[in-house]
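A quick write-up on the structure given underneath.
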């Protein structure tokens, strides 16, 4: 689209320049990559990937400190998945083993095990123990000891926070009915659902959660909206998330759930199941989905977007990552798209 540039002539004002809507841009480096995990630490964004090529599969960990230039941090021999930090040391889960990386000391393989990275949705460090939530194998590694963890179900997401001066994580399972959010201290799970009605909890949710300015947020549905946890009570933050106008032409009808939540300064962005990314503003919900991957690219008459399960806010940009995560329903696509906020 070209801009019209004119001047005042014969008393007639030139029309204002056409406003060009900002679009998401795909990062060519990741065009054919399944993105397994994104995380950031100390001003660096890390991405673990899996790419099928005629010459053989590639398992590469990338990093960027500005969101524009990407560097290869390590090429692995096997499938890689979740990433987690303990202080300034990065942990990478690879099929059958776990690695540590520190910018000063480099790489070290420090545990061999039977865990499959392609069947592991998340892992985290809590009180100097590494918790790995794999399919039917929920393990905790601590120095030379290993122990099992019972509940919640295997495919879970974890968000670290603090509670009454104690380091904890909030967790919820992937796409289960009668969804629950738990507070976990490393040994026991406490349900945190005060303020959530039976109606809001009767349908499956994605584990959309985040912490911003020391406040914990999560997405619920029926109706779909974002809530925050205040004094152990869930309170509404947003209006209902709008459904797609195409919801009723499918059987069963489409339900537009929140799939991810991030903040840029005080701006809230929500990934959704069918309508891409939306922003909560004083005027209500605003769509910023232009350029995101379509769920049905062979049927462009259906403007439905691939579920935005992985999203990060980093250095004035939003990053949406796609991949065939083992535990994720209604996802797909490949690669990373970015949207400039500043």
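Residue-by-condition table, conditions (1) in contact (Cβ under 8 Å) with a residue 24 or more places away in the chain; (2) out of contact with any helix residue (DSSP H, G or I) (no Cβ under 6 Å at 6 or more places or on another chain); (3) more than 22 Å from residue 115 (Cβ to Cβ):
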residue	(1), (2), (3)
132	yes, yes, no
139	yes, yes, no
149	no, yes, no
155	yes, yes, no
161	yes, yes, yes
174	yes, yes, no
177	yes, yes, yes
195	yes, yes, yes
200	no, yes, yes
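Go through the stretch 88-117 and give me each residue that's within 20 Å of residue 135 (Cβ to Cβ) and in contact (Cβ under 8 Å) with a residue 40 or more places away in the chain.
Matches in the stretch 88-117: 92, 98, 117.
Can you tell me which residue among 63, 74 is more than 20 Å from residue 160 (Cα to Cα), over 18 Å from the mean Cα position of the chain (by Cα) and either surrounded by 11 or more Cβ atoms within 10 Å (Cβ to Cβ) or modelled with pLDDT under 95 (or both)?
Going through 63, 74 in turn, the sole match is 74.
For the stretch 166-221, list the strands (runs of 3 or more DSSP E) that sit wholly inside it and hold at least 3 residues that are surrounded by 14 or more Cβ atoms within 10 Å (Cβ to Cβ); which are they?
The qualifying strands (runs of 3 or more DSSP E) are 166-173, 181-184, 209-212, 215-220.
Under the condition of being more than 20 Å from residue 122 (Cβ to Cβ) and either touching a strand residue (DSSP E or B) at 6+ places or on another chain (Cβ under 9 Å) or modelled with pLDDT of 95 or more (or both), which residue from the stretch 48-59 is surrounded by the most Cβ atoms within 10 Å (Cβ to Cβ)?
Result: 51.
Is one or more of the residues making up the stretch 318-327 over 29 Å from residue 115 (Cα atoms), in contact with a strand residue (DSSP E or B) (Cβ under 9 Å, 6 or more places away or on another chain) and in contact (Cβ under 8 Å) with a residue 12 or more places away in the chain?
Yes, that holds for at least one residue.
Filter the stretch 222-242 down to the residues that are out of contact with any helix residue (DSSP H, G or I) (no Cβ under 7 Å at 6 or more places or on another chain) and in a loop (DSSP other than H, G, I, E, B) and list them by number.
Residues satisfying the conditions are 223, 224, 231, 232, 237, 238, 239, 240, 241, 242.
Let me spell it out: the conditions are (1) modelled with pLDDT of 90 or more; (2) farther than 14 Å from residue 221 by Cβ; (3) assigned to a loop (DSSP other than H, G, I, E, B); (4) touching a strand residue (DSSP E or B) at 6+ places or on another chain (Cβ under 9 Å), and residue 245 meets all of them except one. Which number is the exception?
(4)
Taking residue 151, is it outside any strand (DSSP E or B), modelled with pLDDT under 90, touching a strand residue (DSSP E or B) at 6+ places or on another chain (Cβ under 7 Å) and on the phi > 0 side of the Ramachandran plot?
When the stated conditions are applied, residue 151 passes them.
Being modelled with pLDDT under 90, surrounded by fewer than 21 Cβ atoms within 10 Å (Cβ to Cβ) and closer than 21 Å to residue 89 by Cβ: is that true of residue 131 here?
no
Modelled with pLDDT of 90 or more, touching a strand residue (DSSP E or B) at 6+ places or on another chain (Cβ under 8 Å) and surrounded by fewer than 13 Cβ atoms within 10 Å (Cβ to Cβ): does that describe residue 162?
Criteria met by residue 162.
Has the stretch 255-266 got any residue that is assigned to a strand (DSSP E or B) and surrounded by fewer than 19 Cβ atoms within 10 Å (Cβ to Cβ)?
The answer is yes, given that some residue of the stretch 255-266 is assigned to a strand (DSSP E or B) and surrounded by fewer than 19 Cβ atoms within 10 Å (Cβ to Cβ).
The values are calculated or read from the model by the stated rules, or taken from the named source; none is laboratory data. Since this is a predicted model, take the numbers as computed values, not measurements. Quick reminder, even Gly has a Cβ in these numbers, built from the backbone with ideal geometry, and neighbours come from all protein chains shown.
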